[in-house]
Amino acid sequence: MKLHLDNTAGIHLITGYAQDHVLVNKERHDGNLVILADQLLSDWAPGGFAGLTVADFEAILPLRPEVVLIGTGRRQRFPDPALLRPLMEARIGFEVMDLAAACRTYNILVS
């Protein structure tokens, strides 16, 4: 039984990652990203994990995701719960995980 799409044309897949970058469809991205199956926002949360703001999470709301995977780098770190309030109020699920787990989980969900 296959659990992935045969045709992934037009879908953003994570094809690699390291501590300092993510490859989306083999294209390197060094900054923080919001990745959806059909959209890629490369200017999200420019302040990094330590600089996360409520506005960073509010910027996700117009995309109307069902769930947000928050990859926090090499190790799992949890943002201040107050920063996640926009997601909670919009009843959008979220999961915080290290980058490797977030990349694997994203690919499974999008496939």
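The single residue among Ala55, Ala9 that is small (Gly, Ala, Ser) and either surrounded by 10 or more Cβ atoms within 10 Å (Cβ to Cβ) or modelled with pLDDT of 95 or more (or both) turns out to be Ala55.
Just one of (1) open to solvent by 50 Å² or more (accessible area, probe 1.4 Å); (2) farther than 24 Å from Gly10 by Cβ; (3) among the hydrophobic types (A, V, I, L, M, F, W, C) fails for Leu109. It is (2). Check whether at least one residue in region 81-94 is open to solvent by 60 Å² or more (accessible area, probe 1.4 Å) and within 22 Å of Gln39 (Cα to Cα), and report yes or no. Yes, some residue in region 81-94 is open to solvent by 60 Å² or more (accessible area, probe 1.4 Å) and within 22 Å of Gln39 (Cα to Cα). Looking across region 58-69, the residues that are touching a residue at least 12 places away in the same chain (Cβ under 8 Å) and farther than 10 Å from Ala101 by Cα come down to Glu58, Ala59, Ile60, Leu61, Leu63, Pro65, Glu66, Val67, Val68.
Does Gly71 meet the test of being modelled with pLDDT of 95 or more and surrounded by 13 or more Cβ atoms within 10 Å (Cβ to Cβ)? Yes; evaluated as a whole, the condition is true for this residue.
Scoring Tyr106 on the criteria (1) of a type in the set (Ser, Thr, Tyr); (2) outside any helix (DSSP H, G or I); (3) in contact (Cβ under 8 Å) with a residue 60 or more places away in the chain leaves a single failure, condition (2). Considered as a group, the residues in region 17-52 that are open to solvent by less than 70 Å² (accessible area, probe 1.4 Å), assigned to a strand (DSSP E or B) and touching a residue at least 40 places away in the same chain (Cβ under 8 Å) include one that is farthest from Arg85 (Cα to Cα), and that residue is Val22. State whether the residues of region 79-89 include one that is touching a strand residue (DSSP E or B) at 6+ places or on another chain (Cβ under 9 Å) and part of a loop (DSSP other than H, G, I, E, B). Yes, because at least one residue in region 79-89 is touching a strand residue (DSSP E or B) at 6+ places or on another chain (Cβ under 9 Å) and part of a loop (DSSP other than H, G, I, E, B).
The values are calculated or read from the model by the stated rules, or taken from the named source; none is laboratory data. As the structure is a computational prediction, the values presented were derived from the model and not from experiment. Every residue, glycine among them, receives a Cβ derived from its backbone with ideal geometry; neighbour counts consider all protein chains shown. With ligands, DNA and RNA removed, areas are computed over all heavy atoms of the protein, side chains included. Shrake-Rupley method; radii C 1.70, N 1.55, O 1.52, S 1.80 Å.
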